[in-house]
Each structure stands twice: as structure tokens, then as C-alpha cells.
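Below is one structure, written out as C-alpha cells, with a few remarks after it.
The values are calculated or read from the model by the stated rules, or taken from the named source; none is laboratory data. Values in this document were obtained by computation on a predicted structure and should not be read as measured data. So basically every Cβ, Gly included, is an ideal-geometry build from the backbone, and we count neighbours across all protein chains shown. Side chains are part of the model used for accessible areas, which takes the heavy atoms of the whole protein and leaves out ligands, DNA and RNA. Shrake-Rupley method; radii C 1.70, N 1.55, O 1.52, S 1.80 Å.
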Amino acid sequence: AGKFYQHAPTETSQATLASVSPVFAVMKFDKEGNTTYFEKKKTELYQELGLQARDLRFQHVMSIATRNNRIIMRMEFLKAVITPEFLLILDYRNLSLEHWLVNELASQLAGEGQLVTYSLPFEFRAIEAILQYWISKLQGRLNTLQTQILEILEALVDPKLLSVDRSKLHILLQNGKSLSELETDVKVFKETILEILDEEEVIEELCLSKWTDPQVFEESTSGIDHAEEMELLLENYYRQAEDLLNEARELRVLIDDSESIIFINLDSHRNVMMRLNLQLTMGTFSVSLFGLIGVAFGMNLESSLEEDPRIFWLVTGIMFLGSGLIWRRLLSFLGRHLEPPLPPHVPAVLKKSQPAAGRVEIKTSLKGDTFGLSRGTLTNQ
């Protein structure tokens, strides 16, 4: 009896959890682009579609899979199930997603858009519409980041700036993180399509109408290879993803190069300030050195020089003249040591018009003379 009472609450809770299944808000599109809305429990939905429960367990991952003549597409928050007759969008209650569904997707599925696959079966139009939406979303994110990053870099790379605005650096850091996230999303998108392109069987399975409609199958055997068309469709969006990834990498390289330029500008201004500080120190040293004369005359000692009114101007002139000469001398010494050294003198190369034998003789004579020199001669040279 004790064991029964221990297991009874657990069984009751499991039954309660089993009875509560998630409800999907579904938007359904048919071949003509007509749209219907309804809500249905998860258990009822996967039973009607002939799928398993795990097939509708959508996560924030990207994948394209087939099961029981159904295509299941996961594009993060975009969840779609494609059949030869209709397209289901699950949990569509998203502002940007709902705007695209209402204004663009219906016309694209009906063949009124600019999709290349309008003359092919319905699943081609559905796949291309979803891929086109996702690649355009990635492109929009990249364009937004590119505009913001270029504006910030243009303000930071200005050589006239003596310091860097920390707020702009913070914005640049945030944009750099967003760019890294975008690169990751594009890589996942590209790898997902590449996995399908590497498997010919999966490409064949994506052509749903080829196996359900006899007329479509006859057309494919008569000259229209639907698997090849599907492969070309996926390759097109694979190349677009590759182009997006290259643009993101170029923007990343631009950020790194701009950071190097910013550091170079700051180092240049820092060197100017250090050199100015050194010049002022030299001037202070020069004035202090000849200021000893004034200190000597300022002592409470009597001499015959203080009675002459011209001595003041003479001593003052000597002090300023001597300080200026020493300061100038120190500056010239500083300039000589800060200037880059001259490149070493490179001897003239022998002309190519000389015969090979002559060059051999010259090298041989030089070699003999070199080995014929004594240690003392080499040391002196």
C-alpha cells in the first residue's frame, strides 16, 4: 500500500502532462496562394501530417529534412512544413515574419513574384520563397551593420583626433559582436545547404511531386530533371551565402585595419607629446644652467661689478644667449639621434651583358684573394 501511494502522484502528474500538449498557431498556404488560419494541438497535427512528435520539436537551429514525403524546414524562429499541395507555417506570430507572410509569400507561392521556380512544382516555389526570405534577412542585417560600422570608423580614424571617444568604441564593440553572430548564422546556413548538396538521395527526396504525381514523374523522365533543378536552386543560395560571408569577412578585416590605424595615430600623437616634453626639459635645463650666474650675483657678496650700470644688461644677455645656444645644440643632438639611419650603400651589380666565363673568373679571383689574406689584414679591414 505504501508503494502504491508513493507512485500514484507520479502517475497522475504524468497523465496531466500528457494531456496538456502545445497548440500551434498555423498559417496554411495552398498552390494558388490562398491563406487560412487555424490552431491545432501538436498531437493532432503530426498525426494528420504522418510525422513523428520529434519532427515538430522545433528549436532555434537551422535544418532542412524530409520524412514521409514531407519537407521540414527550421530557420531559427521560422518553422515550416511543406507538402506537394500546401505549406504550413507554425507559430507565425512574429511582427517581421507576419508582415512577410501576408504581403509577399502568398503572391510568390501563386507564381506572381519573381521566383525562378514558378514553372516547377509547388515545393520548389515554397523552398525558394523561404530561402529567399532568409538570405534577404541576413543581407539586411549585414547592410545595417556595414552602415553603422563605416560611420563609426570614419569618425575614429581621423588623424586630427588626439584621443578616442570611448562611447564610439563601445558601439564599435557591440557591432563587432553582432557581426560575429551574423557570420555564425551565415556559416550555419551555408553548411546546411552544403550537407544537402553532398547527398544525392536527399535532393531526390526534396522533389515531392516527382513521387506523388505520375504526370510530374513522366515529365521528369522525358527531359526535365527535377533533382538537377533542385540542386541548381540550392547551389544558387549557397553562392549567395558565400558572397555574404565574404562581405562580412571584408568588413571584419576593415575593422582590424582601422584599429591598427587608430593605434598608429595615437602613437604618433604620443610621440609628438613626448618630444615636446623633452624639448621643454632641455630648455629648462639650459636656462637653469646659465641661471647660476644670476644666483652668483644675487648673493650678499660685494664686488666692484655691481657699481657699473651696464653689468646687469651684459650678464642678462650672456645668460639668454648661452641658454639659447645650449638649447639649440641639444635640439640638434636630439634631431640627429631621432632621424632614421641612411640605408647602407649597395655596390653596383655586374652587368648581365658580361659573359658567364668572365663572371666565373672574377668570382674565382676574388675567392683566391680572400683566402690569401692574413688574419691581421682581415682584422685591419
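Scanning region 258-284 for residues that are open to solvent by less than 80 Å² (accessible area, probe 1.4 Å), of a type outside the set (S, T, N, Q) and under 20 Å from V157 (Cβ atoms) yields E259, I261, I262, L266, D267, H269. Scanning region 76-94 for residues that are in contact with a strand residue (DSSP E or B) (Cβ under 6 Å, 6 or more places away or on another chain) and in a strand (DSSP E or B) gives K79, A80, V81, I82, F86, L87, L88, I89, L90.
Within region 48-70, the set of residues being of a type in the set (S, T, N, Q) and modelled with pLDDT under 85 comprises Q52, Q59.
Residues of region 331-342 that are modelled with pLDDT of 75 or more and surrounded by 11 or more Cβ atoms within 10 Å (Cβ to Cβ): L331 alone.
For region 47-70, residues that are over 40 Å from the mean Cα position of the chain (by Cα), open to solvent by less than 70 Å² (accessible area, probe 1.4 Å) and on the phi < 0 side of the Ramachandran plot total 1.
One line per residue, one yes/no per condition, for (1) open to solvent by 30 Å² or more (accessible area, probe 1.4 Å); (2) within 16 Å of S258 (Cβ to Cβ); (3) part of a helix (DSSP H, G or I); (4) modelled with pLDDT under 90:
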{"site": "T147", "(1), (2), (3), (4)": "yes, yes, yes, no"}
{"site": "K160", "(1), (2), (3), (4)": "yes, yes, no, yes"}
{"site": "E181", "(1), (2), (3), (4)": "yes, no, yes, no"}
{"site": "V186", "(1), (2), (3), (4)": "no, no, yes, no"}
{"site": "I193", "(1), (2), (3), (4)": "no, no, yes, no"}
{"site": "E201", "(1), (2), (3), (4)": "yes, no, yes, yes"}
